[in-house]
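Let me begin by presenting the structure, written as structure tokens, before commenting on it.
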Amino acid sequence: MDYKTAKIKIQELTDQLNDHNYRYYIQAKPVVSDYDFDMLLEELTRLEKEFPELALPDSPTKRVGGEITKEFKQVRHVYPMLSLSNTYSEEEIREFDNRIKKTIENPVEYICELKYDGVSISLTYINGSLVRAVTRGDGVQGDDVTTNVKTIKSIPLKLRGDYPEEFEIRGEIFIPKSEFLKLNAERVENGEEPFANPRNSAAGSIKMQDSAEVAKRPLDCLLYFLLGNDLPFSNHYDNLMKAKEWGFSVPIYIAKCRNIEDIMSFIHEWDKGRESLPFEIDGVVIKVNDDAQQEELGFTAKSPRWAIAYKFKAERVSTRLNRITYQVGRTGAITPVANLEPVQLAGTIVKRATLHNADVIETLGVREGDMVFVEKGGEIIPKIIGVDETMRDVNSKKLKFIEICPECRTKLVRNEGEAAWYCPNEEGCPPQIKGRIEHFISRNAMNIDSLGEGKVEMLFDNGLIKDPSDLYYLSFDQLLGLEKVFEATDEKKEKKLSFKEKTVTNILNGIEASKEIPFDRVLYAVGIRFVGQTVARKLAVHYRNIEALKWVTFENLILVDEIGEKIAGSVLQFFSREKNLAIIERLKNKGVQFELKHVSEPLSDKLKGKTIVASGKLERYSREEIKEVIERHGGKAASSVSSKTDFLLAGENIGPNKLEKARELKVPIITEAEFLKMIE
Ligand code: IVH
């Protein structure tokens with residue numbers, strides 16, 4: 001591609017991808033599939049590699065990171081980042097309102113917002129592009145973490161609409177609760193220290209040196225404050241709502257309040273309701289809305305007089321730790337669990353709390369029989385925060401972490417530098433085997449939803465499955481009539497499962513249907529350590545089929561985008577095991593997909609050298625299929641019209657932009673019938 005065309009193409013792809021990002025992360029209304037998005041991103045990455053000087057600063061390729069920062073540059077804030085005065089007392093909120101009413105004559109409108117519990121960040125935009133992201137630091141100067149922040153998908157790299165030429169917007173970077181739980185579980189499985197809470201995990205993530213690692217952290221950001229000389233409105237609320245139009249993720253949990261009673265009900269509503277939020281909050285922030293009134297009220301040395309934070313109290317109780325039990329995960333990692341005397345805490349009954357690993361037990365110095373303090377704020381998981389040693393029984397003994405697996409009696413191992421102990425008996429330890437099969441059938445993997453945890457257990461207990469491939473060899477007669485009673489536990493009631501005709505048919509149909517699941521998800525399903533969905537997709541797209549992957553070398557693997565030494569090592573280890581190769585062979589024999597369909601056998605070379613963009617709804621082919629057909633006839637399927645496009649294949653409801661572009665560049669527009677003639 002020549003320089004001029006590349007320049008146009010890079011701009012076009014950058015805009016297109018930023019637009020898709022906005023639709024996905026801000027509007028939650030994507031218009032392309034993940035696959036199509038990845039293909040566009042790959043095209044842009046390729047072009048930027050070829051023409052590095054043409055890469056734009058707001059390129060979405062920055063979102064995958066890759067730059068290493070040894071030391072963050074210190075940047076002075078244009079407007080100091082002040083903190084908020086805060087209180088735990090409702091009375092002080094009333095006093096705040098009275099103080100304001102004394103200074104301001106006109107009626108005051110307050111904006112109540114949630115106080116997000118993360119890491120504050122200040123973003124500077126010039127001409128609509130994100131140019132700088134700086135942490136709070138000491139309020140006067142902070143760390144320049146721009147490269148890391150660019151990996152956060154909900155932060156726009158390029159704004160839309162009528163934004164001011166230059167302004168700052170501030171907000172909070174955080175990790176949603178569900179993602180935090182997943183992240184911690186992964187860390188424990190990998191033998192790393194779990195994060196104490198989502199706030200710490202966000203703070204740690206944003207300061208990592210390798211932005212590619214930051215990109216893997218599920219960070220999100222909500223914006224709550226604008227600063228600048230030519231903001232569109234002279235009040236906080238309207239500016240914030242406008243920022244939403246520019247592409248920022250602005251919280252919906254916000255209320256205009258005219259009096260103290262409205263403020264109090266907002267506080268009470270969220271003190272109760274915070275458990276149901278997808279992220280953590282630690283209070284409510286109350287701000288005077290009008291800019292002129294804010295100015296009149298001014299600042300103290302540390303905080304504005306026009307705002308205050310009401311902080312929720314974390315609830316804490318003490319209860320007895322009856323026993324410590326140990327759970328074995330899918331990868332064999334051992335997690336100690338504190339079984340507590342049931343206790344009411346922040347609206348729920350707490351019976352258990354995770355102790356994460358041996359180091360956590362050591363640090364807390366906790367023993368069986370101890371009275372412990374359990375705390376739960378807005379946090380998702382109750383935490384044991386300490387031991388009441390004054391209540392300790394004189395005969396109590398220091399806890400000794402188990403040395404053999406509680407499930408299969410194998411001697412546990414601990415890798416150098418890792419916090420977790422592992423059961424190494426991968427092939428014979430029941431929870432590890434069941435865990436792998438449960439992972440295999442899970443929604444994002446093979447999606448066999450006619451099976452579930454209980455049914456997997458039943459099949460395993462009856463000796464019918466020992467690995468995922470066994471599922472495809474089950475027969476109707478083997479399943480019919482199986483029965484099992486699951487005893488009641490603290491969490492679940494007694495349950496009886498029995499396989500009648502309908503259940504068996506459903507199970508077998510579900511297994512059969514999973515043979516259509518594409519290769520990238522199969523690769524995720526087989527459970528290679530450290531290979532999550534994204535990495536599996538990368539590997540599948542790069543190597544196209546399992547044969548190529550089986551024989552791959554370490555040197556070759558680490559050349560693939562996003563594949564580091566840890567993943568490469570794990571992939572090689574997986575394929576070096578006879579057992580895994582045998583499972584793959586058995587799955588393959590039953591028709592499970594082990595290659596990406598797009599590289600199926602060629603049909604002709606009728607489209608050789610032709611680049612075709614297909615868009616709109618076609619009668620004969622789906623989006624994926626048309627790409628495959630073009631490729632199998634020797635052509636190249638592209639997603640956006642450019643001067644390199646030979647034909648635009650226009651389906652029903654094709655977007656006007658593509659048509660216009662094709663006309664402008666004089667690219668021939670063909671119908672589906674004409675296309676079929678070409679490949680006849
Ligand atoms: S406004 C000058 N609004 O709380 C006031 N801050 O203790 C600017 N925070 O540093 C801050 N949620 O990190 C504001 N809705 C919200 C907030 C919020 C969380 C954090 C922020 C700030 C700290 C103050």
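With respect to the stated conditions, Lys302 fails to be more than 20 Å from Ser154 (Cα to Cα), more than 12 Å from the ligand (Cβ to nearest atom), touching a residue at least 12 places away in the same chain (Cβ under 8 Å) and surrounded by fewer than 17 Cβ atoms within 10 Å (Cβ to Cβ).
For the structure I just gave you, tell me whether Asp282 is of a type in the set (Asp, Glu) and within 28 Å of Pro156 (Cβ to Cβ). Here the answer is yes, as Asp282 does meet what is asked.
Determine whether Leu523 is surrounded by 14 or more Cβ atoms within 10 Å (Cβ to Cβ) and either touching a residue at least 60 places away in the same chain (Cβ under 8 Å) or in a helix (DSSP H, G or I) (or both). When the stated conditions are applied, Leu523 passes them. Looking only at segment 442-458, residues that are within 21 Å of Phe486 (Cα to Cα) and in contact with a Gly (Cβ under 8 Å, 6 or more places away or on another chain) come to 3 in all.
The C-beta contact set for segment 29-41 (first residue under 13 Å from Val541 (Cα atoms), second residue basic (Lys, Arg), distance under 7 angstrom, 6+ apart or interchain) comprises Asp38/Arg537.
Provide a single number: the residues in segment 102-121 that are more than 10 Å from the ligand (Cβ to nearest atom) and part of a strand (DSSP E or B). Can you show your working first?
Within segment 102-121, the subset more than 10 Å from the ligand (Cβ to nearest atom) is 102-110.
Subset that is part of a strand (DSSP E or B): 110.
Selection size over segment 102-121: 1.
Can you find a residue in segment 125-145 that is touching a residue at least 60 places away in the same chain (Cβ under 8 Å), assigned to a loop (DSSP other than H, G, I, E, B) and not small (Gly, Ala, Ser)? Yes, segment 125-145 has at least one match.
On the basis of being closer than 20 Å to Pro80 by Cα and either modelled with pLDDT of 90 or more or aliphatic (A, V, I, L, M) (or both), does Ile155 make the cut? So Ile155 fails the test. Screening Ser276 on (1) under 12 Å from Ser85 (Cβ atoms); (2) more than 10 Å from the ligand (Cβ to nearest atom); (3) polar (S, T, N, Q) shows it passes everything except condition (1). Taking first residues from segment 465-487 that are of a type in the set (S, T, N, Q) and partners that are surrounded by 13 or more Cβ atoms within 10 Å (Cβ to Cβ) and outside any strand (DSSP E or B), the Cβ contacts under 7 Å between residues at least 6 apart in sequence or on separate chains come to Ser469/Ile583; Ser469/Arg586; Ser469/Leu587; Gln478/Leu464.
A Cβ distance below 6 Å, combined with a sequence gap of six or more or placement on separate chains, defines the contacts here; from segment 161-178, residues that are basic (Lys, Arg) reach residues that are modelled with pLDDT of 95 or more in the pairs Arg170/Ser122; Arg170/Phe225.
Scanning segment 414-423 for residues that are more than 28 Å from the chain's Cα centre (by Cα) and loosely packed, with under 13 Cβ neighbours inside 10 Å gives a single hit, Glu416.
Would you call Leu47 more than 16 Å from the ligand (Cβ to nearest atom), among the aliphatic types (A, V, I, L, M), surrounded by 19 or more Cβ atoms within 10 Å (Cβ to Cβ) and in a loop (DSSP other than H, G, I, E, B)? Reasoning before the result, please.
Working: more than 16 Å from the ligand (Cβ to nearest atom): yes; among the aliphatic types (A, V, I, L, M): yes; surrounded by 19 or more Cβ atoms within 10 Å (Cβ to Cβ): yes; in a loop (DSSP other than H, G, I, E, B): no.
The answer is no for Leu47.
Would you check if Asn462 is closer than 23 Å to Cys405 by Cβ and either loosely packed, with under 13 Cβ neighbours inside 10 Å or free of Cβ contacts under 8 Å to residues at least 60 places away in the same chain (or both)? Here the answer is yes, as Asn462 does meet what is asked. The selection criterion, being more than 16 Å from Pro304 (Cβ to Cβ) and either assigned to a helix (DSSP H, G or I) or of a type in the set (Asp, Glu) (or both), does not hold for Arg99.
The values are calculated or read from the model by the stated rules, or taken from the named source; none is laboratory data. This structure is a prediction, so every number in the text was calculated from the model and none was measured. Every residue, glycine among them, receives a Cβ derived from its backbone with ideal geometry; neighbour counts consider all protein chains shown.
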